[in-house]
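The values are calculated or read from the model by the stated rules, or taken from the named source; none is laboratory data. Just so we're clear, the structure is a prediction, and the values are computed from it rather than from any experiment. Please note: Cβ atoms are built from the backbone with ideal geometry, for glycine as well, and neighbour counts cover all protein chains shown. Areas reflect the complete protein model, heavy atoms only, side chains present, ligands, DNA and RNA absent. Shrake-Rupley method; radii C 1.70, N 1.55, O 1.52, S 1.80 Å.
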Amino acid sequence: MAKSAIEVERWEGLECAAQLDIVLPMYKWIWVEPPYREGPREIAEFVDRFAQEVFLPRARLVVARVDGQPAGYAFGYPLPADTGWWKAMDEEVTPEFATETGRRTLGIVELAVRAERRRQGIAARLHGELHAGLGVERVTLAVRTEAEAAPAHAAYASWGYRRVGQWRPGEDKPVSDIMLLAL
């Protein structure tokens, strides 16, 4: 049996907002699984956050399809100069490390693949398409620390990411590792 081709589409800025009808069903399918177990509150928070983040300069959304069906997506943007990304970490970082310009670091805020499509190279393809042509020096993302997230940790490590710290985005939120990839 022939392997199905992965088709990728990419949108920039406000074009991303028009794709919510594609992304939201995937979000609901993917993030309900362990270790995330997201429910109605987290889904509403995602929709609100996405609606705000599409306005950030050079925000980018990438969607992968297999056999015409959405299989995964990635969303991110270069961290603005006033970002709180590094300030939220538990570890101290140097001012040189934390300085952002809006062009230095791509922050990946969403990278997800449907369970039945994992381990087919889709996440790597989404990741590459998300940062392609942005001219950033590095890429960062947060990944949960639970045992169920071990495959994600392994994938990121195989792509060259290293753990630089941890954060908890809110008191009622779980801890995540902050990972960094130098390009």
Once the convex hull of the C-alpha atoms of the range 13-52 is built, how many Å³ does it hold per residue, rounded to a whole number? 62 Å³
Net charge dipole size for the chain [Lys, Arg +1 and Asp, Glu -1 on Cβ; Debye, nearest 20]: 540 debye
Relative to the longest principal Cα axis of the chain, at what angle does helix 20-31 sit, 0 to 90 degrees, rounded to 10? 80 degrees
Selection from A51, A5, V63 lying farthest towards where the dipole of the range 1-126 points positive, charges on Cβ: A5
For R119 paired with W31, estimate the spin-label separation in nm (one decimal), with each label point 7 Å from Cα along the Cα-to-Cβ line. 2.6 nm
Environment charge at M26 (Cβ cut-off 11 Å; Lys +1, Arg +1, Asp -1, Glu -1): +2
Whole-number value, in Å³ per residue, for the convex hull of the alpha carbons of the range 115-183 is 104 Å³
Distance between modelled label sites at D82 and I43, nm, 7 Å Cα→Cβ extension: 3.3 nm
Helix 122-131 sits at what angle to the longest principal axis of the chain, using alpha carbons and giving 0 to 90 degrees rounded to 10? 50 degrees
Set Lys and Arg Cβ to +1 and Asp and Glu Cβ to -1, take the dipole of the range 105-168 about its Cα centre, and tell me which of T105, A115, L141 lies farthest positive. A115
Quick tally, 1.4 Å probe accessible area for L14, L181, sorted with the most first, runs L14, L181
Give the ranking of K173, K28, K87 by solvent-accessible surface, highest area first, calculated with a 1.4 Å probe. K87, K28, K173
How much mean residue ellipticity at 222 nm does the chain get from its helices, if each DSSP H run of length 4 or more adds -39500 (n - 2.57) and you divide by all residues, to the nearest 500 deg cm²/dmol? -8000 deg cm²/dmol
Taking a 1.4 Å probe, which of W159, W29 shows the most accessible area, and what order do the others take after it? W29, W159
Quick check: net charge around L180, other residues with Cβ under 9 Å of its Cβ, Lys/Arg +1 and Asp/Glu -1? +3
